[in-house]
């Protein structure tokens, strides 16, 4: 298995709540979130008008503010970027303590092939396959979705999609949040890195596949 080549395909963090996108102006972001006041802050707007949020770039982190979702990913997917993401999320929680929030999702995605291991291939050997007329119904894709409780407020939503021999696996660590102050526990650098390690170990222990460097 590999991480996707594009960083925002490999990892992101999504905070659900009632956000005010107008707050996240380049001036405000530069003043409150940039590590260096000399750093460049760039705001890019989507070409299509399909309610896609703008993208703000600061210190190698992308922030996408919209009324219901605040999303983060990074220019380069590595440990320093994960730590930087966590730092900015924590800072936002301090600056906007009255923002209503309901959930936090930390997502990791991996790409590979069904042929990467026998266990993965067996996943898509469905019990009803022999009863389906392959001449009339040509299989083009398949997906498996499962949820696992981790603790009282956190669920792992595992989504595995296969198209031909291509395989995508997404780990969504979803936490219900009552107050934005919980970001200081649920969105720390240590926890995000720990969840990524859990995802990598899951691939190894359950599906017997290693993550390539």
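Only the coordinates and a few stated rules stand behind these numbers; no lab work does. Bear in mind the structure is a predicted one, so any value in this text is a computation, not a measurement. Here Cβ is always computed from backbone atoms with ideal geometry, including for glycine, and neighbour counts include all displayed protein chains.
Output the Kirkwood hydrodynamic radius of segment 42-116, Cα pairs only, in Å rounded to one decimal. Intermediate results must be reported in sequence, preceding the final value.
Details: mean 1/r = 0.0698 Å⁻¹.
One decimal place: 14.3 Å for the Kirkwood radius.
Kirkwood analysis of the Cα pair distances in the chain returns a hydrodynamic radius of 18.8 Å.
Which value does Rg/Rh take for segment 101-151 over its C-alpha atoms, Rh per Kirkwood?
Values: Rg = 16.0 Å, Rh = 14.6 Å.
Using Cα coordinates only, the ratio equals 1.10.
For helix 189-207, report the angle its Cα long axis makes with the longest principal axis of the Cα atoms of the chain; keep it between 0 and 90° and round to the nearest 10°. Roughly 0 degrees between the two axes. Of 135, 190, the sequence from fewest to most neighbouring Cβ atoms within 10 angstrom is 135, 190.
On the principal axes of its alpha-carbon atoms, segment 95-213 has extents of 59, 32, 22 Å, going from largest to smallest. Between the Cα long axis of helix 79-95 and the first principal axis of the chain there is an angle of about 50°, rounded to the nearest 10.
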